[in-house]
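One structure below.
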Amino acid sequence: MAVEILTRHDLMLFKEDLISELKQMFNKEQATQKKWLKSDEVRRLLKVSPGTLQTLRVNGTLQYTKIGGIIYYDYDYIQSLLTKSKM
């Protein structure tokens, strides 16, 4: 049975590789946007209160889908609304 000895240098290289891979993994997760958002995510995105979000739903400004008591909003639709309102 062969014995390998790890040195501090080996551990430092391992640490640097591990940190590099973790950074890449977290950057990928942040770059991908979810297709469907829940109410609290939409409120943070639009910076509105729960009541304002409900008003936007009721008057038809925001389209939504309700599944099992949870309301979902299409991210692409919200982005298109925001770009239209800037014009």
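The values are calculated or read from the model by the stated rules, or taken from the named source; none is laboratory data. Remember, predicted model here, so these are calculated numbers, not experimental data. Neighbour counts are summed over all protein chains in view; Cβ atoms, including those assigned to glycine, are modelled from backbone coordinates with ideal geometry. Note: accessible area is taken over every heavy atom of the protein model, side chains too, but ligands, DNA and RNA are not part of it. Shrake-Rupley method; radii C 1.70, N 1.55, O 1.52, S 1.80 Å.
Computed quantities for the displayed model
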read-out: For the chain, calculated [θ]222 nm from helices alone, where every DSSP H run of n ≥ 4 adds -39500 (n - 2.57); value: -19500 deg cm²/dmol
read-out: Tail beyond 12 Å, pair distance distribution of the stretch 45-87 (Cα, percent); value: 66 percent
read-out: In sequence order, calculated HN-Hα J values of the stretch 45-56 (Karplus, 6.51, -1.76, 1.60; Hz; x Gly/Pro); value: 5, 8, 6, 10, 7, x, x, 5, 4, 5, 4, 4
read-out: Positive-end residue, the stretch 1-73 charge dipole about Cα centroid, Cβ charges, pick of Trp36, Val58, Phe26; value: Val58
read-out: Cβ-derived FRET efficiency at R0 30 Å, Lys34 paired with Thr55, nearest 0.05; value: 0.80
read-out: The chain - percent of accessible surface contributed by carbon and sulfur, probe 1.4 Å; value: 58 percent
read-out: Label of the coordinate-derived value, percent of Cα pairs over 17 Å apart, listed as (1) 64; (2) 56; (3) 44; value: (1)
read-out: Heavy-atom accessible area per residue - the stretch 12-72, 1.4 Å, Å²; value: 82 Å²
